[in-house]
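Take a look at the structure below.
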Amino acid sequence: MGTSSKNKKKSPSRSVRKPQYLSAQRTKPDTRLLDAEKFLLPTYKRQPVVMTHGRGAYIYDTTGKKYLDFLGGIAVNVLGHVHPRIVRVIRREAARAIHFSNLYHNAYQGPLARKLAGWSGMDRVFFSNSGTEAIDGAMKLARLFGRKADEAPGTTAKKHRFLALENSFHGRTFGAISVTSTEKYRLPFAPVVPGAEFVRFNDVADLEAKFDDTVCGILLETIQGEGGIYPISEAFWNRARSLASQHGALLIADEIQCGLGRTGRFFGYQKFSSNPDIVLIAKPLAAGLPLGAILTTEDVASRVSPGMHGTTFGGGPLACAVALEFLNIVEDEELLENIRLRGAELREGLTKLAAKFGFIREIRGEGLMIGVELSSEGAPFVSEAMRRGLLINCTHDFTLRLLPPFVITRAQVREFLGLFELVLAITPKQASASDSGKSANPESVALAAVR
């Protein structure tokens, strides 16, 4: 009996060309995506997919597609997803109290501050809601610290200038963009907070030329994240420390992305011999709940009095309980050691891939904060990776950024390297074919860092 035309339409060769998860999205538009398109401010260029849940190092979307998460919510989900101890604390505290106010103590702010002081070598803590709020608060502290007793409030103090680095990113609020050198974040909102100047990255001579007695603070990302995963050199850190001390300015370490274990140390600056005056943290602090913090010395804290700074939501009992549990998990599960081991395995595998693919220019970073710089734009590689069930992103146009969770396993490192090799092999061929008109490449989307 002959094969009918109806059966021919169901042949395997035809069904392979349109994966089920893509067909489902095209045949039945997701009303949640339509609502987002119509009602949200267009601040992000999102992929047209709705993520529904996660478990460990994996995320799932509405079609059931599984993704290996090597972005971690941009350095936030360091325990992966649905860690049982975090879930247990959230359930417990949500049943007790989510918010009081900072007019009263709660059971977790003090113990969390004590723990952070122990990890960091700092003395005092202020809790914010986010990293960018911590940046703004640190800038206020630097101005306050620099103002002399005989300089009247409301006047411009002699020490009012900030130094930051070229290629820097410190956040989205008004103070933070003022010390963010990347022009696309800063210039549309000019004039920004006056008094900021940018120093060439790791250029000690330029630092010395721009540092004087009018500087109240210098802000450094110990490893630049959004700027492309560039670590501060020891020589630059040491000179910044000595100049800040010499001129009575504050050395402010932005550890929002690289801190709290990401490098295989509690903080990135701990590889150096000297401490900053202020440390800023956020991202992983409360395991996905919004919480940031300013850590500082007793000397700086002594300039603060009630009413000078504050927050409605920062340091609430739910977020602080979760943050305290996160820090305990890092210690109990010896995650710093896992970060160092898995990071070494990743770099070893990436080095082998770099020898195979000539368009990999450099591999940078520490621990589980790694940048793979390419000689071509990274966005098509991000799109191809997502198509194959791997989440990464591109920063500074040419650098693929890897921020896997601290709980990543050796097997998952091997899984990543296998997927990544496929992405590296296929994407240039697709781009070449697209340029010649033979095929169409999926829309390239690079996810932006948020803070």
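Against the longest principal axis of the chain, how steep is helix 131-146, in degrees 0 to 90 to the nearest 10, with axes from Cα atoms? Around 20 degrees separate the two axes. Projected onto the charge dipole of the chain (+1 at Lys/Arg Cβ, -1 at Asp/Glu Cβ, origin at the Cα centre), which of I278, P42, T182 gives the Cα projection farthest towards the positive end? Ranked along the dipole, the leading option is P42. Relative contact order for the chain: 20 percent, from Cα pairs under 8 Å spaced at least 6 residues apart, divided by residue count.
Max-minus-min Cα coordinates of region 297-422 on each principal axis give 59, 33, 29 Å, with the largest extent listed first. The charge dipole of region 84-332, taken about its Cα centre with unit charges on the Cβ atoms of Lys, Arg (+1), Asp and Glu (-1) only, comes to about 660 debye. Centre-to-centre separation between the Cα atoms of region 83-106 and those of region 363-423: 34 Å. Per residue, the convex hull spanned by the alpha carbons of region 346-387 comes to 81 Å³. Dipole magnitude for region 50-135: about 400 debye, using +1 per Lys or Arg Cβ and -1 per Asp or Glu Cβ, origin at the Cα centre.
Rounded to the nearest 10 degrees, the angle from helix 84-94 to the longest Cα principal axis of the chain is 60 degrees. Radius of gyration (Cα atoms) of region 84-332, expressed as a multiple of 2.2 N^0.38 Å: 1.00. Mean sequence separation of contacting Cα pairs (under 8 Å, at least six apart), scaled by the length of region 84-332, corresponds to a relative contact order of 29 percent. Of all the Cα-Cα pairs you can form in region 87-203, what percent are over 16 Å apart? Considering region 87-203, 73 percent of its Cα-Cα pairs are separated by more than 16 Å. Extending 7 Å from Cα along the Cβ direction at N238 and again at K45 yields two label points whose distance is 4.2 nm. Taking N as the residue count of region 311-382, its C-alpha radius of gyration divided by 2.2 N^0.38 Å amounts to 1.63.
When the helices of the chain are scored as -39500 (n - 2.57) per DSSP H run of n ≥ 4 and the total is divided over every residue, the value at 222 nm lands at -11500 deg cm²/dmol. Against the longest principal axis of the chain, how steep is helix 410-435, in degrees 0 to 90 to the nearest 10, with axes from Cα atoms? It works out to around 70 degrees. Looking at the chain, the pairs of alpha carbons with a distance over 30 Å make up 49% of the total.
Each of N238, A431, Q257 was placed along the dipole of the chain (beta-carbon charges, centred on the mean Cα), and the one lying farthest toward the positive end is A431. In the chain, taking the dipole from charged Cβ atoms about the Cα centre, the farthest positive-side position among T63, I363, V413 is held by T63. Does region 368-426 come out rounded, prolate or oblate by the C-alpha gyration tensor, with a ≥ b ≥ c the root eigenvalues, rounded set by a/c under 1.5 and, if not, prolate when a/b is larger than b/c and oblate if not? Verdict is oblate for region 368-426.
We did not get these values from a lab; they are worked out from the coordinates using the rules stated. It should be emphasised that the depicted structure is a prediction, and the values quoted were computed from it without experimental measurement. Positions of Cβ are backbone-derived with ideal geometry, glycine not excepted, and every protein chain shown enters the neighbour counts.
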